[in-house]
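Peer 1: Quick one: the structure is below, and I'll ask about it shortly.
No lab work stands behind these numbers, since they all come straight from the coordinates. Note that the coordinates shown come from a computational prediction; the quantities given were computed from them, not determined experimentally. We place every Cβ from the backbone using ideal geometry, glycine too, and count neighbours over all the protein chains shown.
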């Protein structure tokens, strides 16, 4: 189990990264933390001709607080974001979701953006990005473009990022007003290797009516996905038993879970409903992340 | 033929040089180029934790890093944890609590615990188990490792380090 | 004298392991010019090899050679497991396939490279043309008339069948008022040691070969390698470095070991092979792929009147060395009676071949699965008669007062504590208290909560007669101790075992120190080098304490007798008046009239002015080849308390107690560690571990992302107690302990879940209990009752 040969570049700035990407695009991969990519390379399931490391580009190492968003640069490690004061204050759901990623030693190296760009259907950050209405800030030889998270994930390990582009940053919505959120997942062990997971975000008005609902799930299809029916069912009403039941029903019907050695589709469908039920009750009690 | 690259690593406080192919894993470079065989390879896909080292002060899987990509970094391996002839308080606690059997996972465990107790000096058992849950041990059933970490935490707190 | 045995001395092994100074197989210094092997593995479960095109791989810079099965056959004879038992069908295996491949992962070619990375590159360039053939994957379907044949020599894919019935069995069975029947399916698992396998063969001057390998059985391995590669056994030295976990997985002799040794001789260069995790998961022996169909006949008190079992084990594609493929089959059929007084018993035991990976001896061998069956039946009897499951067991157990007792298949239980250990475990976990508070529906705070027991006997320390009884006529059974007092008075003891974490350097030193009457600190243990240690069987099947401990005690006793004779001569006293204390011999009652070890040793080595007694030989060392009795029988009771989440199906183990009896304890700390580790493996096996093959024989989980091993968060704290019933059949009083943890944990966890879900009428008869399985069963019941 040793990786195939590849050439290596580690430019010092974004321009250099983009130049290398433009030159080698199709055959190259960006190396950020490597926690998803390197296992695949060691198994020779992925054999890029070239790796372009972004680890020397200091300009990608930032957490910015904008008016209504937190922006996380491509070199920000998961642990770094998880521990970041601004992230914890303004976007607790992201910190919560990140705490479920791998183990400490994976999070110390893996990046938030790398995990999103990798598009693992069972990764936690994509679900958090969906629930947080993230803007995916992509940069390439022709400039920058922003794609909403809802349009970013195309399939398992597949996103809208073109071969000569990279994810420069992700901008997630800041918490506003009475907003509650949580991240839940279950696996076949006590921790790690999710079978199914849920990123849940609700905003309430003063009367307790849900004004915004985001229900994003993993293990529900070949990408993380939002459950539109559940979100609609929750919006514009109080979070009562009827609303919960209706939303849960959507979580079980509006999904297309995979079957694998860990769980069959039927189980995933069932526990996705269980997770949403648990999450909603938790938020109803005000016991959020 | 892909060119080898010159790299410099600060390993256990010493500057070390190597000339390696880009694809060489940090674990292999530490073990076979630099002769530091205390770092073990158990899965090469980032699950077992046997190869864990400190990379710029934080734990990292050395099987999931290409040495060229961490050129210039500071690395601490199990060989660099101790202070000479004495075992460190964490190592002593592992010894006293029979927290190792075959010892293959032990270097990765020690490195993981080193980082953990530096960040969380007074953890409860649940936190200890969570911190250990990214490192597989197939021999001990973990109970004695948990006990060792508990004891090491106390020893480190009492020593005020 | 009992100064060191029984004490929880800290391990001598630890310091170098903790400092990262230990040398495992991949750490053994590579001589200059070492070649690295890579194996090309079959992607098909069953296929004919049409052509192996090595040209592109051979042309890669850094490649020394690329060898096909035919090339390797010139250096390694086909291996044949030497099982000699009625009903067994012998078949051979090319260590690298020549004609047919029979499982996904079987080697079809070998690349020889200057570097392990380049070896992996070359593997990708070897082009093998296959004609895929239909495969037999399922262990039930494999014996169907039209099932694809695995070996010509094995008609019907039935590689072994054994039958047994006590006299008058049918009558006894028919006479019982109650009969229950169940079919238990045990999932396929593996030892998965954290260190994969590997070996390094180094040619020495004069045609000798030093062979470093990660094994538990250095001597048996040496004999087999010498035989199959045609190397004089006297010129082959097997050296075992530190071994990063074995669990039986490394008590096998594998194809790669023959190839590595043979190619080092062929190329006259050091040759090394280090296995990767994927290879470990695919090609190392698997275990426990079993089906037990059990019928138990019992009376109204829950007393078993007769037991019938049909045991079927999946042998995979090939019988393996050195145990063949009948160990699990005969083990499961013979050990299932456990601590119970079952006198009417009949079995049909079958091993079948399939196009899946070979199986072998993983910790516990058949015992976790046969106790899954019998202990599952004990719970079913209890539920059927509405008697507490603990009470059913207590009624059926052989009471201590009736020991020694010979069980229905002829195994003697000399000493033990079956009822006592169960009662003690019940107390430790507050069994009665839990039962008292347990509602009929088992639903407490939103979870189904149950408690489960496994009481078992554990076969350990098997000697030659024990292996003969199971058809392994070429498996030695004895182990050897050589105890030497050096001229300095220090002691070096050699033992024919090979540790993989069990702490032999500590425990055997405790045994030798007491047997000689010297300080523990003065005893050094050497093992794992066939050039230094006399022949023996090795470390597996919970045997080292019994066989190695016994051999060392007997050898040490001979040395001590000689020292006494010398001391008596020096002290001008009668031999029987000389006593040893703290490394010194003196005349009994006259402590001042003595002589120290060093002076006795110097005398033995003719290094002082004194003389030896008339007729005494020089030197101070003795060897003993100790063959224990049939087996020594340890026992234990495990009790698990679990909570099953009704919604997500996850099982949490809320409490766990073990009371174990392995006879005399050498080092309680190490014994506890063995049990902890075994319980963790058993919990993994019960809840999450399983190798899954699809219909085409592709293994679905050949990474540690998909083959789940339990973590620190999955294993509970364990309350542990000991009862010591020393064996009277073997020297030292020791019984083995290596496997007990896993044997007890699997059934205890399954039975606890079964108890938790008993209110729903769900019977547990399979493992692992993944959340998807349990949640699905619970849902079925709830949906059924709702409609």
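Peer 1: For segment B:1-63 and segment C:703-765, what is the separation of their C-alpha centers, rounded to whole Å?
Peer 2: Each part's Cα centre sits 38 Å from the other's.
Peer 1: Also, quick follow-up: Rounded to the nearest 0.05, what FRET efficiency do residue C:695 and residue C:235 have when you use their Cβ-Cβ distance and R0 = 56 Å?
Peer 2: Values: r = 48 Å, r/R0 = 0.85.
Computed FRET efficiency for residue C:695 and residue C:235: 0.70.
Peer 1: If you take every DSSP beta bridge fully contained in the protein assembly as shown, what fraction is antiparallel? Give it as a percent rounded to 5. Write down the numbers at each step before the final one.
Peer 2: Working: 168 of 204 bridges.
Once the DSSP bridges in the protein assembly as shown are tallied, antiparallel ones form about 80 percent.
Peer 1: Follow-up. Which order results if C:770, C:23, A:252, B:14 are arranged by neighbouring Cβ count within 10 Å, fewest first? Can you show the working numbers first?
Peer 2: Numbers: C:770 24, C:23 13, A:252 20, B:14 9.
Sorted ascending by nearby Cβ count, the order is B:14, C:23, A:252, C:770.
Peer 1: Taking all pairs of distinct Cα atoms, average 1/r, flip it, and tell me the Kirkwood hydrodynamic radius of chain A in Å to one decimal place.
Peer 2: This gives a value of 19.2 Å.
Peer 1: Considering only DSSP beta bridges whose two residues both sit in chain A, what percent are antiparallel, to the nearest 5?
Peer 2: Working: 43 of 50 bridges.
Restricted to chain A, the bridges split so that about 85 percent are antiparallel.
Peer 1: I've got another one for you. Rounded to the nearest 5, what % of the DSSP beta bridges within chain C are antiparallel ones? Please list the in-between numbers first.
Peer 2: Numbers: 110 of 137 bridges.
That works out to approximately 80 percent antiparallel.
Peer 1: Further question on the same structure: If each residue's Cβ is checked for other Cβ atoms within 10 Å, how do A:122, C:321 rank with the fewest at the top?
Peer 2: Numbers: A:122 21, C:321 25.
With the fewest neighbours first, A:122, C:321 line up as A:122, C:321.
Peer 1: Can you tell me the relative contact order of chain C? Whole percent, Cα pairs under 8 Å, sequence separation 6 or more.
Peer 2: Details: 2042 pairs, mean separation 122.7, N = 787.
Relative contact order for chain C comes out at 16 percent.
Peer 1: Continuing with this model, one more query. Report the calculated FRET efficiency for residue B:8 and residue A:150 (r = Cβ-Cβ distance, R0 = 45 Å), to the nearest 0.05. Don't skip to the answer; put the middle values down first.
Peer 2: Values: r = 45 Å, r/R0 = 1.00.
Approximately 0.50, to the nearest 0.05.
Peer 1: Which order do C:26, C:529 fall in if you start with the one that has the fewest other Cβ atoms within 10 Å? Please list the in-between numbers first.
Peer 2: Working: C:26 22, C:529 16.
Fewest to most other Cβ atoms nearby, the residues stand as C:529, C:26.
Peer 1: Let me ask something else about it. With angles folded into 0 to 90 degrees, how steeply does helix A:265-284 sit against the dominant principal axis of chain A? Use alpha carbons for both and round to 10.
Peer 2: The angle comes out at about 70 degrees.
Peer 1: Once label points are set 7 Å from the Cα along Cα→Cβ at both residue C:56 and residue C:440, what is their separation, rounded to one decimal in nm?
Peer 2: 7.0 nm
Peer 1: List residues of segment C:496-513, by number, whose backbone nitrogen lies under 17 Å from a label position 7 Å along Cα→C-beta of residue C:532.
Peer 2: Within reach of a label on residue C:532, which here means backbone N under 17 Å from a point 7 Å along Cα→Cβ, segment C:496-513 contributes C:496-510, C:512.
Peer 1: Under 18 Å from a point placed 7 Å out from the Cα of residue C:412 along the Cα-to-Cβ direction: which residues of segment C:541-563 have their backbone N that close?
Peer 2: Within reach of a label on residue C:412: C:546-547, C:550-551.
Peer 1: Turning to a different aspect of this structure: Partner chain Cβ atoms within 10 Å, averaged over the residues of B:123-131 - can you pull that number for me?
Peer 2: Values: counts 0, 0, 2, 1, 0, 2, 9, 8, 4.
For this peptide, the per-residue mean of nearby foreign Cβ atoms is 3.
Peer 1: Something else now. Below 8 Å, C-alpha to C-alpha, sequence gap of six or more: please give me the relative contact order for segment C:32-152 in percent. Could the numbers behind the result be given before it?
Peer 2: Values: 229 pairs, mean separation 50.2, N = 121.
Result for segment C:32-152 is 42 percent.
Peer 1: Please sort A:163-175, C:583-595 by packing, taking for each peptide the average over its residues of neighbouring beta carbons within 10 angstrom, highest first.
Peer 2: Numbers: A:163-175: 22.0, C:583-595: 15.8.
Those peptides, ordered most packed to least, come out A:163-175, C:583-595.
Peer 1: For residue C:48 and residue C:227, what is the calculated FRET efficiency with R₀ set at 35 Å and r taken between the beta-carbons, to the nearest 0.05? Let's see the in-between values first.
Peer 2: On the way: r = 29 Å, r/R0 = 0.83.
That pair, residue C:48 with residue C:227, gives E of 0.75.
Peer 1: Now, a different point. What is the distance, in nm, between label points placed 7 Å from the Cα along the Cα-to-Cβ direction at residue C:152 and at residue A:19?
Peer 2: 6.7 nm
Peer 1: Could you work out [θ]222 nm for the protein assembly as shown from helices alone, using -39500 (n - 2.57) per DSSP H run of at least four and dividing by all its residues? Round to the nearest 500 deg cm²/dmol. Show your work: numbers first, answer last.
Peer 2: Details: 35 runs with 361 residues, N = 1237.
So the helix-based figure for the protein assembly as shown works out to -8500 deg cm²/dmol.
Peer 1: Given an 8 Å cut-off on Cα distances and at least 6 residues of separation, report the relative contact order of segment C:504-556 as a percent. List each step's numbers first, then the result.
Peer 2: Details: 34 pairs, mean separation 22.7, N = 53.
With pairs under 8 Å counted, the relative contact order is 43 percent.
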